[in-house]
1. Count, please, the residues in the stretch 270-292 that happen to be farther than 14 Å from GLY308 by Cβ and in contact with a Leu (Cβ under 9 Å, 6 or more places away or on another chain).
2. Any chance you could count how many residues in the stretch 375-396 are open to solvent by 20 Å² or more (accessible area, probe 1.4 Å) and not in a strand (DSSP E or B)?
3. Here are some conditions: (1) of a type outside the set (Phe, Trp, Tyr); (2) over 28 Å from PRO48 (Cβ atoms); (3) without any contact (Cβ under 8 Å) to a residue 12 or more places away in the chain. GLU389 meets all but one. Which one does it not meet?
4. Taking the stretch 161-216 only, how many residues are basic (Lys, Arg), within 19 Å of the chain's Cα centre (by Cα), in a loop (DSSP other than H, G, I, E, B) and closer than 20 Å to PRO236 by Cβ?
5. Test SER196 against the stated conditions and say whether it is under 27 Å from GLY285 (Cβ atoms), buried (at least 21 other Cβ atoms within 10 Å of the Cβ), at pLDDT below 95 and among the hydroxyl-bearing types (Ser, Thr, Tyr).
6. In contact with a strand residue (DSSP E or B) (Cβ under 8 Å, 6 or more places away or on another chain) and of a type in the set (Gly, Ala, Ser): does that describe GLY371?
7. Does the stretch 258-267 hold any residues that are among the small types (Gly, Ala, Ser) and either at pLDDT below 95 or open to solvent by 20 Å² or more (accessible area, probe 1.4 Å) (or both), and which are they?
8. Scan the stretch 286-296 and give yes if some residue there is modelled with pLDDT under 95, out of contact with any Gly (no Cβ under 7 Å at 6 or more places or on another chain), aromatic (Phe, Trp, Tyr) and open to solvent by 10 Å² or more (accessible area, probe 1.4 Å), otherwise no.
Amino acid sequence: MKRFPPLLLFIMLCASCKNSSNSTEDLAVNQGLEDAPSANFKSDQQVPSVQNIPLIEDQKDYTLTPIVKDLTNPWGMTWLPNGDLIYTEKEGKLYRFDGKKSHEISGVPEVYLRGQGGLLDVTIHPHFIENNHLYISYASMEGEGSGGNTAIARALLKHDELIDFKVLYKATPNTKKGQHFGSRFAWDSEGYLYFSIGERGERDINPQDLKRDGGKIYRIHDDGRIPTDNPFVDVPEAKTAAFTYGNRNPQGMTVHPKTGEIIAHEHGPQGGDEINFIKPGRNYGWPVISYGENYGGGEFAESTSKVGMEQPFYYWVPSIAPSGFAILDNAAYGDWNGNYLVGSLKFQYLEMLYVMDQGVIKREKLVDGLGRLRNVKIGPDGLIYIAVEGKGIFRIDR
């Protein structure tokens, strides 16, 4: 084995940790984790067809209605059983909109407001009527070290105040990097809470290491306990809340209204945004495989496929910078029904994907040019709601 002088070895190790490195050849994927459950799964190697799929221009065959105006960066949305809308502003404010007026909800913790970090997603417990539990994800400075990382917390919502506040999960370590916090919520039919945490700008360190937070989708009980059947509970030193790994920065997650499957999308670098069906213990490949390239050009990934790593259901080249994810289940929308809806930050439209026979057959722009689409949700009335940076929250009727 070739030996290097200590100083040269130190320099090489430091260089390999930089997020701007151009190769993953020296990345130790799953080193020491040969017995991880993912090794027992047959990964999906089916390469999605994304070529020559028509992109339809905005037909404007719908009505756009403003719901909440003059918002800065509306990030998360959910609804109370009485129909009131709960939404977050990334700067650290939480609101309840009663149909006429927004009421600020107090008791929100201080957030680490830096780059993409701040107050992020919000959801209510599936049995909110019985327990009044509300959940938020946010960039938190709690814990050792300077900077922040993504936290998941639960509280009682009472008279527009968060009480009995409890942090259920806090990613480590803190870092001053301002990118890739995640973070979206989804509940499955069994009452498990899923959330995403991006790789926090540590491309070559976090996503492929089960001992580290970041670059993963997590699953917990509603009180923060780790499910005993989580895929990595028997892996020594692993983050046992992790459900998948090899993710970059998932900012869209939803439950399929027909099958109950958890589906997420994540940002690629320059190209390579992906949609993935989330399966326990799977490795989604970042940054070893990717359909994207380095910012400024140049390949960095080993390839676009590798045994043991999942192929996406769909991917975008060039990147649309996806945020927010919903699936229509309302016959009132006609031929839109069943389509996937994804917000585009980069191109400032809502992209609708027509899905048939497990593949995308057509794409269509909606609300083209309205602004950076931060979120899209299906309301309790079955209608489409979108959150647009610098504008507010709107409803789309057809």
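1. 2
2. Here the count works out to 6.
3. Of the numbered conditions (1) of a type outside the set (Phe, Trp, Tyr); (2) over 28 Å from PRO48 (Cβ atoms); (3) without any contact (Cβ under 8 Å) to a residue 12 or more places away in the chain, the odd one out for GLU389 is (3).
4. Going through the stretch 161-216, the residues basic (Lys, Arg) turn out to be 166, 170, 176-177, 184, 200, 203, 211-212, 216.
Then keep just the ones that are within 19 Å of the chain's Cα centre (by Cα); that gives 170, 177, 184, 200, 203, 212, 216.
Next, only the ones that are in a loop (DSSP other than H, G, I, E, B) stay: 177, 184, 200, 203, 212.
Filter again for closer than 20 Å to PRO236 by Cβ, leaving 212.
The total comes to 1.
5. no
6. Answer is yes for this residue.
7. Matches in the stretch 258-267: GLY260 only.
8. yes
The values are calculated or read from the model by the stated rules, or taken from the named source; none is laboratory data. All figures in this text were calculated on a predicted structure; none of them were measured in a lab. Here the Cβ is made from the backbone with ideal geometry for all residues, glycine too, and neighbour counts use every protein chain on show. Just the protein is used for accessible areas: all its heavy atoms, side chains included, with ligands, DNA and RNA removed. Shrake-Rupley method; radii C 1.70, N 1.55, O 1.52, S 1.80 Å.
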